[in-house]
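Just below is one structure, and these are the notes that go with it.
Nothing in this text is a laboratory measurement; each read-out follows from the coordinates by a stated rule. Since the structure is predicted, the reported quantities are computational estimates derived from the model, not experimental observations. In this analysis, Cβ positions are derived from the backbone assuming ideal geometry, glycine residues included, and neighbour counts consider all displayed protein chains.
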Amino acid sequence: MSGRADRPQGWDWKTVLASSEAGIWLRPHQEVRAAVPILEAMGARLVLDLGCGAGRHTVYLAREGFRVHAFDVDTGGLVHCRAWLEREGLRALVCQGLAGALPYAAGAFDAVISINVLYHDRREAVARAVDEVRRVLRPGGLFLATFASTRNPGYGRGACLAPQTYLREEAGRPVVHFFSRREDVVALARGFKIRRLTHRLGRVLPSGRPAHWVLRAERS
């Protein structure tokens, strides 16, 4: 991994999990919970948690009986994820790397889940990561992801690196944010059949009320 501040390096999970907002990052996102019946109905077994962080979705999906691969750029999050799995007597394959170069075979997964992850890079890198998701999904596989919206309170804050792209301090480290409009998400999802694209406001935090696009798509 590069040491440059404007390259993806993940959150400082020790700082995050010691904060007052730690509970948010230990509970599964409502969109992931809602996806479980869909995954079951399509017969999905092998799921990639892309950007697993501290492991909230890896653990949740493993509890639900899926075979999970947990993938993240950050060592600290992966350490926490492994320890959490061990405490619960659950299994998942845990791997470190970059989303733009996934170490998996084409068509390997039935589903890829990526919540609050893919937009932490410049637009061209986000596009490469989405292309990698398409590569590792089987035809008809499910892609569930969130993208930061230009209506997010963080939009326009920090150092501007490129259009709609800002570097600012978050979770103990300088983190890149690419903010999307609806048409940006549609363009990024080329090669997928979009089944649902909605704009979602999160609960109010000290920093404001987060806003994200939620994409549910099928690999063509």
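Structural remarks
- In a fully extended conformation the segment linking R138 and R87 would gain 15.2 nm over its present Cα-Cα distance, using 0.36 nm per residue.
- Here the Gaussian network model covers the chain, with springs between Cα atoms less than 10 Å apart; of Y104, Y155, Y60, Y104 fluctuates the most.
- Label assignment, volume of the Cα convex hull per residue in Å³ derived from the structure, set [x] 108; [y] 135; [z] 125: [x]
- FRET E, pair E124, R196, Förster distance 25 Å, beta-carbon r, rounded to 0.05: 0.45
- For the stretch 162-170, putting each phi into the Karplus relation 6.51 cos²θ - 1.76 cosθ + 1.60 with θ = phi - 60° gives couplings of 5, x, 6, 10, 9, 9, 8, 5, 7 Hz, in residue order, rounded to whole numbers and with x for Gly and Pro.
- Other-chain or far-sequence residues with amide H under 5 Å of N116's (modelled H): T146
- Computed [θ] at 222 nm, helices only, for the chain once each DSSP H run of length n ≥ 4 contributes -39500 (n - 2.57): -8000 deg cm²/dmol
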